Amino acid sequence: MRYAETGFNLEIDLSTGNIERVSTDPKETELHLGGLGTNAKILWERVPPEIEPFSPDNLLIFSSGLLCGTPVPGANRTIISSISPQTLLMAFSMVGGFWAPELKYAGYDKVIIRGKSPDWVYLWINNDKVEIRDATHLQGKSTYETAELIKEELKDPRVQVMAIGLAGENRVYFASIETHRGSASRLGLGAIMGSKKLKAIAVRGTKDVRVARPAELVEACKEILRYIEHRLNNPLPGVPPILARIGSPQEMALHDEEWHTISFAWGHARHRRKDFWNKEVEKMWADALERARKRLISCYNCPVQCAGVIQLPGHPPYIMKCFSKLTYTMAAMVDDLEFGLKIAGRAQHYGLDGYTTPQVLAFALELYEAGILTDEDLAGMPEDIEGRFNWLLDRIVRREGIGDVLADGVYWAARKIGKGAEAYDHNTIKKHEQIPIKLGVTNPIYYLMWSTGEKINITQIEGQIPQAPFSRREEREEFVKDWVHIPTGKEEKFKRFILDWGEPGTAFPYYPSIDVACELVDWQEIMHYIDDSLGICAGLSSFPIKPPYHIHNLPLIISYASGLEMDEDRLWTIATRNRNLVRAINILRGLKKEDERPPEDHWKKRFPEYEAKLLEEYYRYKGWDERGIPTKETLNKLGLNYVSEEFIRRGILRDSEGSS
Amino acid sequence: MAMNEKGEKKKRKVKVIKIDVNKCNGCRACEVICSAFHSQTKYGTNNPSRSRIQVYFDPLKNIYVPVYASEYTPAECAGRNKYIMDGKEYIECAFCGASCPSRDLFKEPDSKLPLKCDMCEEEPPLQEPMCVQWCLNKALTYEEREEEIEEETELKELETGLESLIDRYGRQKLMETLARMAQKE
């Protein structure tokens, strides 16, 4: 008997039209849990580094997390994995909503897509009935329109849909896959879906998902709900309002945007506007949001209302959450929030990443100002900034003219344009656009996270700790009192880190000490890897400060739901195994130490020697060699002998290495 | 205690779930816990399509309507209702809780037997039905009040189920099937 998971994957070959229901090995669940972990295992086995992102042999995997479909609150994430057209590394993007639980109820843990369809199709999964259906009539339709048309066609409003828009159809490198309530937006997975001519996947399921120890699981869930309720009513004191809550930053509910607008950079990650925020702006922005926002809503089985239904007169409605509220407004250097709300909606209908897109648009206009892109390149572009952003957006998703170049993202576009455009590629890491943050002095914790994070997105590795010290000692003492989240054995050290932070001599980059920085970053990262295998939303777990889920209650919840024997050590080992497997895939694909660094101007004051030492120590802490490659010893200890053998076979590791 | 003879008045506890559609955040936690609570092994399985509450929602129209499964009915209404409120058009029968032949709602997915909300009745009684307990946004709240009613016999769950099978297959066929099954045992 399989619990929490269904024990079946759907294998779809779009080239041949073959559909198979394949039972999975329960051993894999013990080793990797599910979601990202088992996705990585499949990619390791079946997508060798010679396979190009747009090759029919590349896989596109839609996975539920292990706990999706059980009563565990917030376990609703779909983990989509493939090889990114932009970074040429493993891509994994997560999305909330309702799709993953529906897939479980249909009787599957994953849908694995291979091949390439000759014509546009969509997949219809209705319990045991699975069909590849014609989608030529959906070509060119927006992500939302596609979902609505499919639901109408199938005559069932409860069907859950993942769809791409025009951007994915045209293989824009930052195209997203959209579903009701969210976007899998990072790393160009929409382009992979487009390359396979798969317009959408519709799912409806009416089967049971079993859990192993029902009564205990429901008690544990009630405990989680009680804590969520407590945190909803009691924002954390002493931190900016936007960081004081659980869920993703509550930007659909809160109007205080001081933190983002003054500490993040505007334009193409260029300008700080430290005096931007005032009462007048707050009033204007609050009015704009309240006019547009029809309701606050949630993902499946989660009470936290992170998202908003947004509708402006004359514009089609869409669903928004988090920082994408601000990304377009800030990139365009426009003071009017309504502009951002409008264009973000257009971009979501096209199916575009709300983090990368505004950066690409601002980058193009920067090149124009510098004379690198000319009037000829941009013939027909309007004069006003709002018009320009929309004009460029329309060209990118259609790959028209300059849009065709920009559709590959900043890194590739800069190299294609040449004429010094490379110098304007100043905010990418591993070829991927980053959130626009440019600060003063190297922060050792963030330095390691930006450098080594393999999701290549800071929000997918950070969490757990405040981003600045509490000013008063009493606040720090209060904070550590109920800080139960710390892994066993680290309590003293991490509490000391908070208690001392803010005293004289605790300035960046030398605070915290290298060993503490390594341990903190490892903890932050491991919690994300746990969530991504379970399908639990980071907003309830790895992302906020003092979240409902942590390393001490998760093992029991996993055990009650799945029947797996689990404790803190085992869970940590599984997450570490998954983390090393993702790295192994990327090492085979050419990931190098040189790629692991934040942009030069990320901080004004840098400490090259100290940073090098930080990275070196962190690699050692992770069990990686000086090149950042997991050693044979590390791999074999995690049961990844097949990885070390492949590394040796390919000459990446020497046979004697790490075996001492 | 009141007499149970026909025509006698009896005091009855009326259980009310108040549904504030403006507070519904569309998370369907009510469906999750309802289906788990009514699982054959309590909480042993989850399957929202077995839930006796269903949230009808259409986010782009800003429509959220939690509906409870009410009576089984063998025939659909002579005419259907379509509500338009504040300019928003709701699907036909959006507010109806009947397990009815016109739609798939409120039927066991395998057997198609009708589902009906029982307010999570059990011994000892719960303070509130599970859906209310799991609705942290308070779109669902619970009230009790006393009412005087005429006593009447209510169909038990089994009778309701059998009645629906009779409607589907005919009394004769059902009796034959039961007889045949009994012989096998």
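Quick check on region B:29-98: take the gyration tensor over C-alpha atoms, sort the square-rooted eigenvalues as a ≥ b ≥ c, and tell me if it's rounded (a/c under 1.5), prolate or oblate.
oblate
Amide H neighbours of A:Arg273 under 5 Å, at least 5 residues apart or on other chains, H built in the peptide plane: list them.
Answer set, sorted by chain and number: A:Trp266.
With an 8 Å Cα cut-off and a minimum separation of 6 or more residues, compute the relative contact order for region A:248-433 in percent.
Reported relative contact order: 16 percent.
Using only the Cα atoms, work out Rg/Rh for region A:477-568, with Rh taken as the Kirkwood radius, to two decimals.
Dividing the radius of gyration by the Kirkwood radius yields 1.02.
Given a cut-off of 27 Å, name the pairs among B:Lys15/B:Lys42; A:Lys155/B:Lys116; A:Lys41/B:Lys42; A:Lys222/B:Lys11; A:Lys294/B:Lys138; A:Lys155/B:Lys82 whose C-alpha atoms lie farther apart than that in the structure shown.
A:Lys41/B:Lys42; A:Lys222/B:Lys11
Please sort B:55-67, A:275-287 by packing, taking for each peptide the average over its residues of neighbouring beta carbons within 10 angstrom, highest first.
Answer by packing, highest mean first, reads B:55-67, A:275-287.
Per Stokes-Einstein, at 25 °C and 0.890 mPa s, what whole-number D in µm² s⁻¹ belongs to region A:8-204, with the Kirkwood radius over Cα pairs as the hydrodynamic radius?
In µm²/s, the coefficient is 151.
Apply the Karplus parameterisation 6.51 cos²θ - 1.76 cosθ + 1.60, with θ equal to phi minus 60°, to every residue of region B:120-127 and state each ³J(HN,Hα) to the nearest whole Hz, in sequence, with x for glycine and proline.
Values per residue, Gly and Pro as x: 6, 5, 6, 10, x, x, 6, 5 Hz.
According to a simple spin-label model (label point 7 Å from Cα along Cα-to-Cβ), what is the distance in nm between A:Asp256 and A:Lys481?
Result: 2.0 nm between the two label points.
Looking at the calculated P(r) for the protein assembly as shown, what percent of the C-alpha pair distances fall above 34 Å?
I get 53 percent for the Cα pairs in the protein assembly as shown exceeding 34 Å.
Spin-label point model (7 Å from Cα, Cβ direction): what's the B:Phe95 to A:Asn234 distance in nm?
4.1 nm
If you average the alpha carbon positions of region A:1-79 and of region B:23-100, how far apart do those two centres end up, in angstrom?
Cα centres, region A:1-79 to region B:23-100: 31 Å.
Determine the relative contact order of chain A: mean sequence separation of Cα pairs under 8 Å and six or more apart, normalised by residue count, in whole percent.
Taking the mean separation of contacting Cα pairs over the length of chain A, I get 15 percent.
Once Rh for region A:273-364 is found with the Kirkwood sum over Cα pairs, what is the Stokes-Einstein diffusion coefficient at 10 °C and 1.306 mPa s, in µm²/s?
114 µm²/s
What quantity of accessible surface, computed with a 1.4 Å probe and excluding non-protein components, is buried in total between chains B and A, in Å² to the nearest 100?
In total, this chain pair buries about 3200 Å².
With viscosity set to 1.306 mPa s and temperature to 10 °C, compute the Stokes-Einstein D of region A:608-660, Rh being the Kirkwood radius across alpha carbon pairs; µm²/s, no decimals.
For these conditions, the coefficient is 139 µm²/s.
If you average the C-alpha positions of region A:202-237 and of region A:391-437 separately, how far apart do those two centres end up, in angstrom?
Rounded to whole Å, the Cα centres lie 42 Å apart.
Semi-axes, largest first, in whole Å: what does sqrt of 5 times each Cα gyration tensor eigenvalue give for region A:75-175?
Each semi-axis is the square root of five times an eigenvalue, giving 21, 19, 13 Å.
Evaluate the Debye formula for region A:248-433 with equal point scatterers sitting on the alpha carbons, no solvent, and hand back log10 of I(q)/I(0) at q = 0.11 Å⁻¹, in q order, two decimals.
For region A:248-433, the Cα-only Debye profile gives -0.49.
In Å and from the alpha-carbon atoms only, list the Rg and Dmax of region A:101-252.
19.2, 57
Rg over Rh of region A:442-629, using C-alpha atoms and the Kirkwood radius, what does it come to?
Computed over Cα atoms, the ratio is 0.96.
Per the Debye formula with a single identical scatterer at each Cα and no solvent contribution, what log10 I(q)/I(0) holds for region B:12-148 at q = 0.09, 0.14, 0.15 Å⁻¹?
Scattering profile of region B:12-148, log10 relative to I(0): -0.28, -0.69, -0.79.
Give the carbon-plus-sulfur fraction of the accessible surface of region A:431-581 in %, rounded to a whole number; probe 1.4 Å, heavy atoms of protein chains only.
Of all accessible area on region A:431-581, carbon and sulfur atoms account for 53 percent.
How well do other chains shield peptide B:48-58, expressed as the mean number of their Cβ atoms within 10 Å of each residue Cβ?
Average neighbour count from other chains, rounded to a whole number: 3.
Kindly provide log₁₀ I(q)/I(0) values, in the same order as q = 0.13, 0.26, 0.30 Å⁻¹, from the Debye equation applied to equal alpha-carbon scatterers of region A:49-111.
After summing over all Cα pairs, the log10 values are -0.40, -0.97, -1.17.
Using θ = phi - 60° and the Karplus curve 6.51 cos²θ - 1.76 cosθ + 1.60, what whole-Hz ³J(HN,Hα) does each residue of region A:244-257 get, with Gly and Pro shown as x?
Along region A:244-257, the couplings run 8, 10, 9, x, 6, x, 7, 7, 7, 9, 8, 9, 7, 10 Hz.
From other protein chains only, count the Cβ atoms within 10 Å of every residue's Cβ in A:201-209, then give the mean.
Whole-number average of other-chain Cβ neighbours for A:201-209 is 4.
Calculate how large, on average over all directions, the projected area of the Cα convex hull of region B:113-152 is; give the answer in nm² to one decimal.
4.8 nm²
So for region B:89-175, considering every pair of alpha-carbon atoms, how many percent are separated by more than 20 Å?
Of all Cα-Cα pairs in region B:89-175, 58 percent lie more than 20 Å apart.
Using the Cα atoms of region A:326-402, I'd like the radius of gyration and the largest Cα-Cα distance, Dmax, both in angstrom.
11.7, 32
Please work out the C-alpha center-to-center distance from region A:293-355 to region A:441-516 and express it in whole Å.
31 Å
Given labels modelled 7 Å from the Cα in the Cβ direction, how far is it in nm from A:Arg273 to A:Glu386?
1.4 nm
How charged is the neighbourhood of A:Leu225? Take every other residue with its Cβ under 14 Å from the Cβ of A:Leu225, and add Lys/Arg as +1 and Asp/Glu as -1.
Here the charged neighbours net out to 0.
Could you compute Rg(Cα) / (2.2 N^0.38 Å) for region A:357-476, with N its residue count?
1.33
Output ³J(HN,Hα) for region A:136-143: one whole-Hz value per residue in order, computed from phi by the Karplus curve 6.51 cos²θ - 1.76 cosθ + 1.60 with θ = phi - 60°, and x for Gly and Pro.
4, 6, 9, 4, x, 6, 6, 4
Determine one quarter of the surface area of the Cα convex hull of region A:454-524, which equals its mean projected area, and express it in nm² to one decimal.
Average projection, Cα convex hull of region A:454-524: 5.2 nm².
Could you sort A:241-252, A:70-81, A:636-647 so that the peptide with the highest average Cβ count within 10 Å comes first and the rest follow in order?
For the peptides A:241-252, A:70-81, A:636-647, the packing ranking is A:70-81, A:241-252, A:636-647.
The values are calculated or read from the model by the stated rules, or taken from the named source; none is laboratory data. Predicted, not measured: the structure shown is a model, and the values here were computed from it. In this analysis, Cβ positions are derived from the backbone assuming ideal geometry, glycine residues included, and neighbour counts consider all displayed protein chains. For the accessible areas, the whole protein counts, side chains as well, though only heavy atoms, and no ligand, DNA or RNA atoms are used. Shrake-Rupley method; radii C 1.70, N 1.55, O 1.52, S 1.80 Å.
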